[in-house]
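Visitor: The structure that follows is given in the form of structure tokens.
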Amino acid sequence: MGKTLLKVESLKEYYPVRKGFFGKTGYVKALDGVSFEVNDGEVFGIVGESGCGKSTLGLAITKLIEPTGGQIILNGEDITHFNAQRMRPIRRQMQMVFQDPYASLNPRMSVRDIIKEPMIIHHLASSQKEMNERVVELLRQVGLDDYHANRYPHQFSGGQRQRIGIARALAVDPKLIIADEPVSALDVSIQSQVLNLMVELKRARNLTYIFIAHDLSVVEHISDRVGVMYLGNFAEVASKEELYANPLHPYTQALLSAVPVPDPEVKRQRIILPGNIPSPINAPKGCKFHPRCFKCMDICKEVAPPRIQVGENHYLYCHLYA
């Protein structure tokens with residue numbers, strides 16, 4: 001892996017909400033002090049239950065929503081407080097592929113215009129001919145034919161729409177692509193095609209990915225390192241091999257115990273977590289996972305766990321290893 005491309009420090013995203021009869025203001029803590037790094041050329045996978053803050057993290061990093069606190073450092077430059085004007089050249093360096101490939105494409109625009117739009121915004125071509133040639137080249141790179149440029153989003157399948165979304169992201173030659181559950185809305189057979197395409201594009205264009213998903217097997221297929229999120233923060237971060245072979249956090253152990261094993265001879269003990277993920281408005285005191293943890297200790301109910309380094313690229317937030 002290369003140098004650090006993206007560094008996120010204590011990132012917070014709080015949404016104010018009114019609580020109670022007298023309208024007391026509380027906060028939904030969608031992100032509550034998230035810190036991690038992504039190296040150049042790496043695929044960093046992020047997994048967790050629905051509502052844990054995965055998608056909010058992607059939106060906050062790209063400044064599509066304004067962070068409440070913390071730092072976002074891209075290529076050594078602190079972009080946390082950049083306004084829209086200063087963010088424009090930064091957006092050439094990082095792009096996003098969204099979960100819903102239909103909602104993220106303008107239905108009134110042809111595929112040609114959808115892919116040309118970022119080139120026009122960033123002044124990346126000197127003529128219409130050059131832009132049109134570039135559109136055709138990008139369509140071929142994502143596995144679509146030239147004539148598809150004249151069609152509209154409703155004329156494509158879900159997998160084809162997601163390929164168009166990937167082509168649009170590639171139009172500005174970014175270094176970092178944040179993929180927010182890019183295959184969750186697709187059929188299983190199409191998922192593998194899109195994943196393989198993303199792997200090929202990464203190699204061909206030396207891309208860096210943050211790959212957000214809730215499917216652990218999908219993340220295992222594409223990632224180099226994996227971060228497991230729970231209620232607005234990471235529970236455990238490790239290399240793919242280390243995390244799947246030696247999960248240490250009780251939450252990670254529970255998630256992995258639910259992954260189906262293709263070998264019928266292998267019997268894996270299923271860990272059933274009680275209750276549901278708590279509300280981010282009234283997060284539990286101490287370790288946020290303690291109400292559901294099967295290894296909970298008294299200290300977990302009172303004190304938030306520190307970051308514990310257990311290996312070169314393996315750390316977690318858990319009192320069991322303090």
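The values are calculated or read from the model by the stated rules, or taken from the named source; none is laboratory data. All of these numbers come straight from a predicted model, not from anything done at the bench. Reconstructed Cβ throughout: ideal geometry from the backbone, glycine too, with neighbour counts over all protein chains shown.
Visitor: Report the residue count in region 247-271 for those that are out of contact with any Pro (no Cβ under 6 Å at 6 or more places or on another chain), polar (S, T, N, Q) and surrounded by 13 or more Cβ atoms within 10 Å (Cβ to Cβ).
Guide: So the count comes out to 2.
Visitor: Do you know which residues across region 160-181 are within 19 Å of ARG205 (Cα to Cα) and assigned to a loop (DSSP other than H, G, I, E, B)?
Guide: ALA171, VAL172, ASP173, PRO174, LYS175
Visitor: Here is a follow-up. Give region 69-91 a look and list any residue that's surrounded by 16 or more Cβ atoms within 10 Å (Cβ to Cβ) and not aromatic (Phe, Trp, Tyr), or say none.
Guide: Selection gives GLY70, ILE72, ILE73, LEU74, ASN75, ILE79, THR80, ILE90, ARG91.
Visitor: If you go through region 187-203, how many residues are in a helix (DSSP H, G or I) and in contact (Cβ under 8 Å) with a residue 24 or more places away in the chain?
Guide: 9
Visitor: Just checking, which of SER35, SER55, SER110 is under 16 Å from the mean Cα position of the chain (by Cα), within 30 Å of GLN155 (Cα to Cα) and either of a type outside the set (Asp, Glu) or surrounded by 15 or more Cβ atoms within 10 Å (Cβ to Cβ) (or both)?
Guide: SER55
Visitor: Just to be sure I understand, how many residues within region 77-99 are part of a loop (DSSP other than H, G, I, E, B) and touching a helix residue (DSSP H, G or I) at 6+ places or on another chain (Cβ under 9 Å)?
Guide: Adding up the residues that qualify gives 6.
Visitor: For region 33-60, name all the residues that are closer than 18 Å to ASN75 by Cα and part of a strand (DSSP E or B).
Guide: SER35, PHE36, GLU37, VAL38, ASN39, VAL43, PHE44, listed by residue number.
Visitor: Now for a different question. Let me confirm something: among HIS221, HIS249, which residue is out of contact with any His (no Cβ under 6 Å at 6 or more places or on another chain) and at pLDDT below 90?
Guide: HIS221
Visitor: Report yes if some residue within region 304-318 is of a type in the set (Lys, Arg) and over 23 Å from VAL43 (Cα atoms); otherwise report no.
Guide: no
Visitor: Then there's this: Test PRO274 against the stated conditions and say whether it is more than 21 Å from SER35 (Cβ to Cβ), in contact with a Phe, Trp or Tyr (Cβ under 9 Å, 6 or more places away or on another chain) and surrounded by fewer than 12 Cβ atoms within 10 Å (Cβ to Cβ).
Guide: yes
Visitor: Mind listing whichever residues of region 141-159 are in a helix (DSSP H, G or I) and surrounded by 19 or more Cβ atoms within 10 Å (Cβ to Cβ)?
Guide: HIS148, ALA149, PRO153, GLY159 - these are the residues of region 141-159 that are in a helix (DSSP H, G or I) and surrounded by 19 or more Cβ atoms within 10 Å (Cβ to Cβ).
Visitor: With the structure loaded, tell me whether ARG168 is surrounded by fewer than 18 Cβ atoms within 10 Å (Cβ to Cβ), out of contact with any Phe, Trp or Tyr (no Cβ under 9 Å at 6 or more places or on another chain) and charged (D, E, K, R) or whether it fails that test.
Guide: So ARG168 fails the test.
Visitor: For region 120-131, indicate whether the set of residues that are assigned to a helix (DSSP H, G or I), of a type in the set (Val, Ile, Thr) and surrounded by 21 or more Cβ atoms within 10 Å (Cβ to Cβ) is non-empty.
Guide: No - not one qualifying residue is present in region 120-131.
Visitor: Have a look at SER217, SER184 and point out the one that is in a helix (DSSP H, G or I) and surrounded by fewer than 18 Cβ atoms within 10 Å (Cβ to Cβ).
Guide: One residue alone meets the criteria, SER217.
Visitor: On to the next question. Within region 147-189, can you find the residues that are within 16 Å of the chain's Cα centre (by Cα) and acidic (Asp, Glu)?
Guide: Those that are within 16 Å of the chain's Cα centre (by Cα) and acidic (Asp, Glu): ASP180, GLU181.
Visitor: I would also like to ask the following. Quick one: GLY227 ticks every box in (1) touching a residue at least 24 places away in the same chain (Cβ under 8 Å); (2) closer than 27 Å to GLY41 by Cβ; (3) part of a helix (DSSP H, G or I) bar one, so which box is it?
Guide: (3)
Visitor: Same structure again: Just to check your reading of the model, which residue among ILE281, ILE308 is free of Cβ contacts under 8 Å to residues at least 40 places away in the same chain and either within 25 Å of SER192 (Cα to Cα) or not acidic (Asp, Glu) (or both)?
Guide: ILE308
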